[in-house]
Each structure stands twice: as structure tokens, then as C-alpha cells.
Amino acid sequence: MIHKMKKLYIFTLAAAAIIATGCSKEDPFTGSTDEAEGQILKSAIAVDMKVDETVRKNIRTRADVSLDDFTVIFTKPGSETPVKKYKYSDMPDVVTLPAGDYTCTATYGENRIAEWESPYFLGVSDSFTVNPYEITSYVAPIECRLNNIKVTIEFDPLLKSRMSQDSYVEVKVGANSGLNFTLTESEAGKAGYFMHTAESTLVATFNGKIDGLNAVETKSLKNVAKGNHYKITFKVHDHSGDPTGDSDAEVKVDANVTVTDIERNIDIADEPLLDDTDRPTEKPDEPGPGPDEPDLKAPEITGVAPIDLDKVNTVDGSAAVGVKVTSSADGGFTAFDVVIDSPDLTPDELANVGLAANLNLAETPADFAEKLGAFGFPVNVKGQKEANIEISTMLIGMLGAVGAGHEHKFILTVTDANGTTVKTLTLYIPE
């Protein structure tokens, strides 16, 4: 069913009056280096937030969408290294940049693996040029779209009346960790937001009791897409498939899904949820592969003793931290990304040592390769079947200097032809 498209909200990131700042009689380029520089007005950046009004209201229940909460990043095309990065509230009225071509990325929220009420919006501008000794006053509006996956769970009234109060549905996307939806979250209309991965299968597993009997039922949905809302409704069936069967009948849990394009509030036809026996990534009841069949095993990520990826690892910098990654797929690794999630390693801190929060180890940009190698990360591993991370004592020492007493996470996402594996290395450096 197609609903009328709602109003799109356009936010201008500054008042046009700021242009007056660039028209001062003072030389706006005083203090510049030998490299030619230009300037861009804060008012040149605008965001067109592509979101349906109903979704906007849902976001506002979490927190007002404030312009001050946007992050604005100026990057040269083809590079992952920010030239300038600001939280909008801290952005100066006039930004000075080395002359050249740029794109501007605007983000709202954080792209978390799985989090309640945590939408993440992202948009990238068209390329624009900052000319030497000139002021740029216009960039085409940046279209920000939902960049993660929204999921809500509902329980059919009959199922509510027959299931135990501690029943829940676990939802996961790909191999990432998930969220547990209980009756409380369901009745509150609480939404979970999930990071989109290359292995784009959504898995919803009901765990609980129905009429006092244990019930575990797994459903999956293939090819989920960022920017969509997946509303999954669980219901109870008797053995004949009649959802109104009496409580003495043999029962099982079933589910259906409604998919809505968040940007346009349009319902999208989608495949039905599959039973667990049809799931492409997890088939616990099937026998292993035969002698002539390949074992389609996703990449393996393991800690090198004493490192345990399922725990917080206390390290003192006396030895490197090892992680081993292997692929059994033809063609080896196709993607290998590391996200540095640390309260103390700010973008400026990372930039000072030649790193960034998002690292591409499969096809590593040249300006990162040398530093990554020095810190113990493999580079340009696309096509390889084994890669070893040995985080150096130098990097551990830096973590201790800026963030002793805190946890520092390295989220590894590795993909090959057999699937995607995500593991988190968590380090703690004592004070």
C-alpha cells in the first residue's frame, strides 16, 4: 500500500548573514601557510534530511533533531582522511581549507552494531572546489538518509495470552550481536537500529514458553536493506495452521513482516520470513557437508593467547596484542575493516598519528599504509587467506597515555565469498 509522501525537512546549517564575515576589509587569508588556501562559509552547507514525518516524530521521542548534533567532515575525493571535521555546534562561521576539490559528509547519530532508538543518518555532497584566495558560499544540499536498519517486533494478541512473560525475540543482522525484544519493548513500540553488513540476512528468534511448553522458533529475511523499517509480527498456530486453535493443540510460532521505505513511507513487497531450516547462514539441524561438498565457513577471527575476543583484555604494553584472521573461501578476503571505538582516541588524536576511526585493511589508502604497518596492522590484504594483527606496544603505549583506565575497542569486520564475521577486540590499560 502506498501512502502519500510526507514533507521532507531541509535544514540550513547557518544563517546567510554569515556571508558578511567573509566580506570584512581584513585579509581573510592572513596567517596561511605556503600552500594556497581558500575558505568556505558555514552557511554554504545545508542538509536535506530525507525522512518521512512519522519517522521524524519517532526520532524526536529519543531526542530533538538539532543542527548542533550533526557532524560535518571535509574530505578530498578518494581519501578517507578528514581534512577538517566539526560537530556543527563547534564549527566556525568561516572554514579555511587548502585549495582543491572536496566532498562534505554530514552525519547524525552513530552507526552502532545494534542499539535501541539509535537512527544513523549519512549523506555526502557532490564534489566542489575551494579556489585559492576565494570564498565558497554555496554547495548543493547534502541528502542525508537513514543508513542503518530499523526493526520493531509485535506479538499477536493470541500469542500474548498464551506465552510466558519472560518470552523474547532476539534480532540479529548478519553475524553481528543483536537485541532482545521483550513484551515490554514491543508494547512501547521500541525500535532497534542495526548496522547494515555485507551479509544482509536478518534473523529473528522467538524464545519462551507457550502454554507452559518451551518454544524456540527462528525466522530469517534475506537481502535486508538500509533505510527500511522491518516490522515483524509473531503469532501462534496450532498444528493445522489455524491461528485460533485451542490451548490444548500442538502449537508453533510463526511470523510475518511488513517492510516500509522510511524515506517515502511506502510499503515494499518482500520475501516471506523463512523457517530456520531454510536460513542461508545457520542450519543447526542439517548434517555437515559431504566428502565432495565444500564447507562454506565464514572468516575466522581468533585472539592469539592470552587474548580472548569474548572478554575485556587487560594489557600493560609489555607485549604486542595478537589476532589471527583466516579465510577458507576461494579468492580470500574481499573486505577487511577495523573501526576504532575509544572514548579517548578523538579524530584529532588519531589524525596526529596517521590513523582514522575507520580503517580499510583490504585496499588500504597509500597515506595510511605506512602508519598502519608500524602499529601492527596488515595492509592491502584483499585476496589473501590469512592476516595477522599484532597491535604494537607503541600503539598500546599511546592508548595508555591518553586513556588509561578506559576500555578501547577495535571492531573487526571481515568478509569473503562465504560470508561476514564481526568480532570485537577490547583492551583495557590499567592506570
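Which of the residue pairs 87/382; 76/222; 42/84; 84/150 have a Cα-Cα distance greater than 24 Å in the structure shown? Let's see the in-between values first.
Numbers: 87/382 34 Å; 76/222 35 Å; 42/84 13 Å; 84/150 31 Å.
87/382; 76/222; 84/150, as the Cα separations exceed 24 Å there.
Given the Cα-Cα distance of residue 300 and residue 222 and 0.36 nm per residue of separation, how much length would full extension add, in nm?
25.8 nm
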Next item on the list: Find, among the GluC sites (Glu not before Pro) in segment 89-128, those assigned to loop by DSSP (not H, G, I, E, B) with at most 15 other beta-carbon atoms within 10 angstrom.
Entry: 110, 117
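Apply 1/(1 + (r/R0)^6) to the Cβ-Cβ distance of residue 83 and residue 388, taking R0 = 35 Å, and write down the FRET efficiency to the nearest 0.05. List each step's numbers first, then the result.
Working: r = 32 Å, r/R0 = 0.92.
Once the sixth-power term is evaluated, E becomes 0.60.
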Notebook entry, point to check: Are there chymotrypsin sites (Phe, Trp or Tyr not before Pro) in segment 74-151 that DSSP puts in a loop and that have at most 12 other Cβ atoms within 10 Å, and which ones?
Noted result: 138
Check: Taking a spot 7 Å from the Cα of residue 363 along the direction of its beta carbon, which residues of segment 176-205 have an amide N less than 19 Å from it?
Finding: 197-199
Checklist line | Accessible solvent surface per residue of segment 291-431, calculated while the other protein chains remain in place, 1.4 angstrom probe, Å² | finding: 48 Å²
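Express the carbon and sulfur contribution to the solvent-accessible surface of segment 131-221 as a percent, rounded to the nearest whole number, probe 1.4 angstrom. Numbers along the way, then the final one.
Numbers: 1780 of 3780 Å².
About 47 percent, which is the carbon plus sulfur part of the accessible surface.
Estimate the FRET efficiency between residue 401 and residue 341 by the formula 1/(1 + (r/R0)^6), using the beta-carbon distance for r and 22 Å for R0, to the nearest 0.05.
Details: r = 18 Å, r/R0 = 0.83.
Taking R0 as 22 Å, the efficiency between residue 401 and residue 341 is 0.75.
I'd like the per residue volume of the convex hull spanned by the Cα atoms of segment 128-197, given in cubic angstrom. List each step's numbers first, then the result.
Working: hull volume 10.8 nm³, N = 70.
Enclosed volume per residue, from the Cα hull, is 154 Å³.
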Note to self: How charged is the neighbourhood of residue 101? Take every other residue with its Cβ under 15 Å from the Cβ of residue 101, and add Lys/Arg as +1 and Asp/Glu as -1.
What the structure shows: -2
Note to self: Starting from 0.36 nm per residue, how many nanometres of slack lie between residue 76 and residue 233 once their C-alpha separation is accounted for?
What the structure shows: 52.0 nm
Notebook entry, point to check: If we count every other residue with Cβ under 13 angstrom of residue 42's Cβ, Lys/Arg +1 and Asp/Glu -1, where does the sum land?
Noted result: -1
Notebook entry, point to check: In segment 62-146, what trypsin sites (Lys or Arg not before Pro) fall in a loop by DSSP, with at most 11 other Cβ atoms inside 10 Å?
Noted result: none
Next item on the list: Using only the alpha carbons of segment 323-431, determine the length spanned along each of the three principal axes and report them from longest to shortest in whole angstroms.
Entry: 44, 26, 20
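The values are calculated or read from the model by the stated rules, or taken from the named source; none is laboratory data. The shown structure was predicted, so the numbers you read here are calculated from the model rather than taken from an experiment. Cβ coordinates were reconstructed from backbone atoms using ideal geometry, including for glycine residues, and neighbour counts include every protein chain displayed. Just the protein is used for accessible areas: all its heavy atoms, side chains included, with ligands, DNA and RNA removed. Shrake-Rupley method; radii C 1.70, N 1.55, O 1.52, S 1.80 Å.
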